[in-house]
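Novice: The structure's right below; bear with me while I get my questions together.
All of the numbers you see were taken from the coordinates with simple rules; none came from a lab. Values in this document were obtained by computation on a predicted structure and should not be read as measured data. Here Cβ is always computed from backbone atoms with ideal geometry, including for glycine, and neighbour counts include all displayed protein chains.
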Amino acid sequence: MRHYFTKDNDQLSSNRKTIRFHLRDLLFELETDNGVFSKSGLDFGTRVLLDALRLEPGSTVLDMGCGYGPIGIAAARIFGAKVTMADVNQRAVELARSNAEKYRLDITVVQSDGFANVSGSFSVILMNPPIRAGKQVIYGLFASAKDHLVEGGRLILVIQKKQGAESALGFLRSLYGTAEIIERKSGYQVIACEKH
């Protein structure tokens, strides 16, 4: 079984389509395809994360597990952030790159298994973690994120309460010292951690 969080799903038949959504009075039209996360429309958890997001202009942002790019593209269009997007899934990387180009955004897009091909440090790392990949994978991403944040940088992620938000919060507090819930909506929690 191939999943959106695996590298080898490029043999799935392609069925590209355009999805549309509004954020902060801006219309987004992004291409999706089979084999990428939330191909039929903007995932509710992603929307909750984006609605809660506030970034300083010029923030350096990593969208980890970017899929076709809604989080990173929104961060660049709405806040003027300097964005890097990364995903293990080759099809997602191609879509994210073409979606960013459509809006003439100077976004770096890399194929990377976790942080393996990600270089540099960021003021903010954004993530809608691949819960189905399992706790070991997502906790590994949370830990690796800390190594790629500048001092005072923040990891901001969204997770459903029924998919382990409480245990994730405990793990993040043990890792970062503090982790706070900055938004709650319909069972989803947006959690922010700061590197000290």
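Novice: Read phi for every residue in the stretch 117-122 and hand back ³J(HN,Hα) as whole Hz from Karplus 6.51 cos²θ - 1.76 cosθ + 1.60, θ = phi - 60°, with x for Gly and Pro.
Specialist: Ordered by residue, 3J(HN,Hα) equals 10, 9, 10, x, 10, 10 Hz.
Novice: Answer with one residue from Pro130, Met85, Gly114: the one whose Cα lies farthest towards the positive end of the charge dipole of the chain, charges on Cβ with Lys, Arg +1 and Asp, Glu -1.
Specialist: Pro130
Novice: Related question: Quick query: amide H of Val109 versus all other amide H atoms, modeled in the peptide plane; which residues come in under 5 Å with a sequence gap of 5 or more or a different chain?
Specialist: Long-range HN contacts for Val109: Met85.
Novice: Further question on the same structure: Considering the options Val36, Tyr188, Gly177, tell which one lies farthest towards the positive end of the dipole of the stretch 19-194, charges being +1 on Lys and Arg and -1 on Asp and Glu at the Cβ, about the Cα centre.
Specialist: Tyr188
Novice: Using the Cα centre as the reference, give the magnitude of the dipole from point charges on the C-beta atoms of the stretch 1-122 (Lys, Arg: +1; Asp, Glu: -1; all else neutral), rounded to the nearest 20 debye. Walk me through the numbers on the way to the answer.
Specialist: Details: 15 positive and 15 negative charges, 46 e Å.
That gives a dipole near 220 debye.
Novice: Let me check against my output: what whole-number percent is the relative contact order of the stretch 19-194, with C-alpha pairs under 8 Å and at least 6 apart? Before the final figure, lay out the partial values.
Specialist: Values: 340 pairs, mean separation 32.3, N = 176.
Across the stretch 19-194, relative contact order equals 18 percent.
Novice: I've got another one for you. Which order do the peptides 129-137, 142-150 take when ranked by the mean count of other beta-carbon atoms within 10 Å per residue, highest first? Write out the running numbers ahead of the final one.
Specialist: Working: 129-137: 14.8, 142-150: 17.6.
Listed from highest to lowest mean packing, they are 142-150, 129-137.
Novice: Report, in deg cm²/dmol and to the nearest 500, the calculated mean residue ellipticity at 222 nm for the chain, where each DSSP H run with n ≥ 4 adds -39500 (n - 2.57) and the sum is divided by the residue count.
Specialist: Values: 5 runs with 57 residues, N = 196.
Result for the chain: -9000 deg cm²/dmol, rounded to the nearest 500.
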